[in-house]
Amino acid sequence: MEELLGQILIQTINGVVTGMILALVASGLTLIFGIMDVVNFAHGELLMLGAYMGVVMLALTGSFWLALVAATLLIAIFGALMYVVTLRPLIGRDPLTTILATFGMSLVLQNYALWQFGAVSRKINEPIVGHFNLFHLDYPWYRVAVAFLSAGIIGGFWLFLKRGTWGIWIRATTQDRVMAQAMGIPVPWVLTGVFAIGAGMAAASGVLFGPFGGVDSTMGLNWILRAFIVVVVGGMGSLAGSVLAAIMISLLEAYASLWVSPSQAIIVSFVVLILTLLWRPTGLFVATPK
Amino acid sequence: MISRRHPVIFWSVFTVAMALLVVAPLVLPEFWRRFVTEVLIWGLLAMSSDLLIGYTGMISFGHSAFFGLGMYGAAAALLTTRPANLWVALLYGLVAAAGVAAFVAYFSTRLRDIYFAITTLIFSQIFYVIIFTSTKWTGGENGLNFDQPALAVPGLFSIEFTPEVLHWFVLAVVAGSYLLLRRITQSPFGMVLQSIRENEARTRAIGYPVERYKIVAVMLSGLFAGLAGVLYAIQNQFAAPDFVFFVVSGQTVIYNVIGGVGTLVGPIVGAAFFLLLSEAFSRLFTATYLDPIGLHGLVGMSYLVPLGVIFILMVIFMPQGLLGFAKRWLNR
């Protein structure tokens, strides 16, 4: 009995930790969608490239935190370039074409990474090695730190949206692009900036996740699928909805993995998705649409 | 469309293309014979998805589920029924695909546009995970192997599948499906689908039950995709979870965009173009070709990198696809 309680407690913490990383991935995705009507299929590949950049930078600098910052900035710049080259020409066309363009991008990036870095998974060492005792089991501090760091990044971004000129510009562009342009807001730069921020968030989550599961060229697809589920369940374009949905789904998956293998536990999130589609197709955590 | 204005031109082009494809296995070497047969099967899959992308305006990223279930349905029939019967395999495959299609259609047609694309993708992954993890029934990662059934009509004839016979069989099925799909898209039902694509709100306002039309469209599309899956299973004598995986769905969409959506023939052209280029690129990126010209840095690069770039360029600069581009060029 006590053992089961301990297991449940551990899985709860696990669920919240992976939920926070998932929330970081999904919030980048949902912001890009909410603000610029672009479904970024390449979001998972940006995460994967970020993780690889983390591996490279860690080897160069020797510091995990430096690597985290460098990878985030590099992928943000890369995201901005990618936006200008592949998505800016599509402004004004059917939003569905953006899903095609970013899908092509994800193919290119994934296979490029496979060629460049090989099929063997790379490892990022944990920067914090300490453990603490929890129900006779060692739990690594690093995981707890990751949860707080992800929450910090999301919270920081939320503040950035609420305060400061750029935040106001971004929200104005979301509401009415033409009017924002007329008021002198540099809309093309705002859109590029938002995409860069989303890419940077994906890269950061890639580096943070690196020590858990290793880094390989196919990790992007796994994450983008879960992020898509989160975004649909949470309500597309809603930041708070994504965070809540990410934690809920990760918790459910963590509890499910007490009884079934982790590869089958993902079916739980599929079930959540189906139920959401049945009763609240607009998302669980958004106000009822009129 | 050319076909509607000039039925004579359409039928003569159709006959010439059919004649070429019938003769193809007799003159082509072994490798290319197999290649043409595969192009036809992938073309059928792409064509089935064109009913959604091109005619109803819904992008499906989940066609691998229908294709894969067609494969596994055929596998189930060929492994459990004795003696193995081609028509039973076809029936099982179609029933399996139709079942999945009904399930996916019911849920995903509640959503539109991007949401539809994402949910179909997620649904196909559900089936991938289920097939991948239920090792006992599906063989898990290894998939299922089986023997080719004979092409037989009880009481009439029975012949073994040689590569030529298989090619003609596939050609007959694909051509029949094409004519059927063409008829569907020109029927009143097809017209409603196209009006949903053009303006869904107005179609609903006129009084058409849009949701029901969409569900039927997804099911029809899934049925033809399942048919392609059965053909592929019979050609290759195996069913594997890789074919339920998202990559197949993605390639289906690529075939459509490259060839030209809303044309039915376009997706087949797109599949041929894509598979030819992937063959060419994967040969090019080997040491034999790149070392002499000093580009050995590229050895081992996947053909999907240049193909992905071509795909992005086509999305941006040639959204009407190869066939649409050719048509516009001919009309000038």
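Rg/Rh for the range B:2-331 to two decimals, with Rh computed the Kirkwood way over all alpha-carbon pairs. So for the range B:2-331, dividing Rg by the Kirkwood Rh gives 0.97. When peptides A:84-92, A:99-107 are ranked by their average number of other Cβ atoms within 10 Å per residue, the highest-first order is A:99-107, A:84-92. Relative to the longest principal axis of chain A, what angle (0 to 90°, nearest 10) does the C-alpha long axis of helix A:262-279 take? Long axis of A:262-279 versus the principal axis of chain A: about 50 degrees.
For the protein assembly as shown, the residue among B:Pro83, A:Phe64, B:Ala102 whose Cα projects farthest onto the positive side of the dipole built from Cβ charges is B:Ala102. The mean number of partner chain beta-carbon atoms within 10 angstrom of a residue's beta-carbon across peptide B:107-119 is 5.
With Rh defined as the Kirkwood radius, the inverse of the mean 1/r over Cα pairs, the Rg/Rh of the range A:18-97 is 1.04. Charging the Cβ of each Asp and Glu at -1 and of each Lys and Arg at +1, and nothing else, the dipole of the protein assembly as shown about its Cα centre rounds to 1800 debye. Sorting the Cα pairs of the range B:1-54 by distance into bins of 10 Å, from 0 upward, gives 21, 35, 36, 8 percent per bin.
With N as its number of residues, the range B:147-252 has a Cα radius of gyration that, divided by 2.2 N^0.38 Å, comes to 1.41.
Remark on the range A:41-154: hydrodynamic radius 16.4 angstrom, per the Kirkwood mean of 1/r across alpha carbon pairs. With the charge dipole of chain A set up from +1 on Lys and Arg Cβ and -1 on Asp and Glu Cβ about the Cα centre, the Cα lying farthest toward the positive end among the listed residues A:Pro262, A:Ala172, A:Phe132 is that of A:Ala172. With semi-axes defined as the square roots of five times the eigenvalues of the C-alpha gyration tensor, the equivalent ellipsoid of chain A measures 31, 23, 18 Å, largest first.
Within the shell of other residues whose beta carbon sits under 11 angstrom from the beta carbon of A:Gly210, the net charge comes to 0, with Lys and Arg scored +1 and Asp and Glu -1.
Spatially, the range A:1-41 and the range A:114-131 are offset by 21 Å when compared through their Cα centroids. Measuring spread by the Cα atoms of the range A:145-290 yields a radius of gyration and Dmax of 17.5, 58 Å. Here the 3J(HN,Hα) profile of the range A:112-123, calculated from phi with Karplus coefficients 6.51, -1.76 and 1.60 at θ = phi - 60°, is 5, 5, 4, 6, 6, 10, x, 8, 6, 6, 9, 10 Hz, Gly and Pro shown as x.
Compared with the alpha-carbon gap, the fully stretched path from B:Leu313 to B:Val153 is longer by 52.8 nm at 0.36 nm per residue. Principal axis extents of the C-alpha atoms in the protein assembly as shown (largest first, rounded to whole Å): 76, 63, 63.
Values quoted throughout were computed directly from the atomic coordinates according to the rules given, and no laboratory measurement underlies them. None of the values given here were measured: they were computed from a predicted structure. Cβ atoms come from the backbone with ideal geometry, glycine included; neighbour counts cover every protein chain shown.
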